[in-house]
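The values are calculated or read from the model by the stated rules, or taken from the named source; none is laboratory data. These numbers come from a predicted model, not from an experiment. Positions of Cβ are generated from backbone atoms using ideal geometry, with glycine treated the same way; all protein chains shown enter the neighbour counts.
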Amino acid sequence: MKARLVIGILSCLWLAPVMAQSCGTAELAVQVLGSGGPELADKRASSSYLIWIDGKARVLVDAGGGAALRFSEAGATVSDLDVILFSHLHVDHANDLPALVKSSYFEDRTRALPIYGPLGNKFMPSTVAYVRALFDGTHGVYRYLGDFLSPLNDATYKLQPRNVDFRSKLVASRKTSNKIKIVFTNEHMRISATPVLHGAIPALAWSIESKGKRIVFSGDTNGEDGNLELLAAQADLLIAHNAVPEDAGGVERQLHMSPSVIGRIAQTAEVKQLVLSHRMRRTLGHETETLGAIKKHYNGPSVFANDLDCFKP
């Protein structure tokens with residue numbers, strides 16, 4: 001009886017992560033570059049993810065501290081990226097963009113690199129303003145890299161920052177607070193976004209469709225506006241951020257989903273698989289309690305992410 005119980009628990013945790021070195025050979029896979037948060041003591045890179053399509057790293061979602069090193073360890077190149085997506089511009093989600101851009105100088109990329117992220121407000125710059133603040137040739141922090149933005153440079157590789165603006169036409173909507181917008185398409189994928197609540201910080205959740213599958217990234221959100229459920233409906237894989245424990249309150253809970261909220265969203269959206277990332281010291285070591293709170297709502301396969309883990313939807 002005990003043996004059957006242990007096997008049952010292990011089956012709930014198993015989501016078949018692929019060895020990191022084989023991720024780049026997959027037809028479609030998501031690789032966790034950074035599974036941690038802003039703390040150094042968690043010994044993890046901060047939030048960052050790669051989407052591999054037909055053996056190439058096509059999409060980078062977030063680029064927190066440590067992401068550039070993990071990007072290299074994964075065997076990815078900036079030359080292969082079709083697009084970079086930011087969920088929001090907190091340090092632990094955006095800090096390594098300059099390192100990746102500088103590294104790309106030594107590659108042979110010959111096409112523009114779109115960078116999408118949220119609009120700004122009084123607390124945060126917009127994505128366009130952020131990229132320009134870094135790389136503008138006159139006033140940027142790294143103005144010596146200004147050729148990546150300068151219209152006077154005739155190189156075909158340029159950064160193309162874009163704000164995702166939900167004040168314009170909606171692609172889909174159930175009510176005014178629930179919005180989905182198709183942001184980027186090419187021969188490999190279709191990418192959609194929705195605004196999510198992360199305190200006062202403008203934030204997005206992302207969906208990438210490819211090969212008949214759909215991978216959704218929650219980003220940082222408290223999950224209270226209903227938009228994530230809409231975006232994640234019938235998703236093959238939901239990567240949700242497990243940054244706070246079940247009993248979190250105050251500012252922590254205003255910024256992040258509790259495990260029970262993650263479970264409720266996964267169940268409502270009927271997602272097929274759940275990966276728990278953005279693991280911080282306040283949740284590390286509490287996996288049993290976290291999974292128990294999730295399983296009260298969602299009985300699908302769930303797993304906790306580590307750096308360089310790779311998952312096939």
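Out of all the residues in segment 32-76, which are of a type in the set (D, E) and not in a loop (DSSP other than H, G, I, E, B)? The answer is D62, E73.
For Y116, state whether it is among the hydroxyl-bearing types (S, T, Y), at pLDDT 95 or above and out of contact with any Lys or Arg (no Cβ under 6 Å at 6 or more places or on another chain). For Y116, the condition - among the hydroxyl-bearing types (S, T, Y), at pLDDT 95 or above and out of contact with any Lys or Arg (no Cβ under 6 Å at 6 or more places or on another chain) - is not met.
Residue count for segment 196-253, restricted to those that are closer than 20 Å to V30 by Cα and part of a strand (DSSP E or B): 17. Note on segment 69-100: residues that are among the aliphatic types (A, V, I, L, M), closer than 14 Å to L134 by Cβ and out of contact with any strand residue (DSSP E or B) (no Cβ under 7 Å at 6 or more places or on another chain) total 2. Restricting segment 52-77 to residues that are touching an Asp or Glu at 6+ places or on another chain (Cβ under 6 Å) and among the hydrophobic types (A, V, I, L, M, F, W, C), the residue that is nearest to G34 (Cα to Cα) is A67.
May I ask you to list the residues in segment 101-140 that are touching a residue at least 24 places away in the same chain (Cβ under 8 Å), in a loop (DSSP other than H, G, I, E, B) and within 25 Å of the chain's Cα centre (by Cα)? Residues satisfying the conditions are Y105, E107, R109, R111, A112, L119, G120, N121, F123, M124, P125, S126. Just need a number here: residues in segment 73-107 that are aliphatic (A, V, I, L, M) and farther than 23 Å from H198 by Cα. The total comes to 8. Residues in segment 111-166 that are in contact with a strand residue (DSSP E or B) (Cβ under 8 Å, 6 or more places away or on another chain), of a type in the set (D, E, K, R) and under 21 Å from S192 (Cβ atoms): R162 only.
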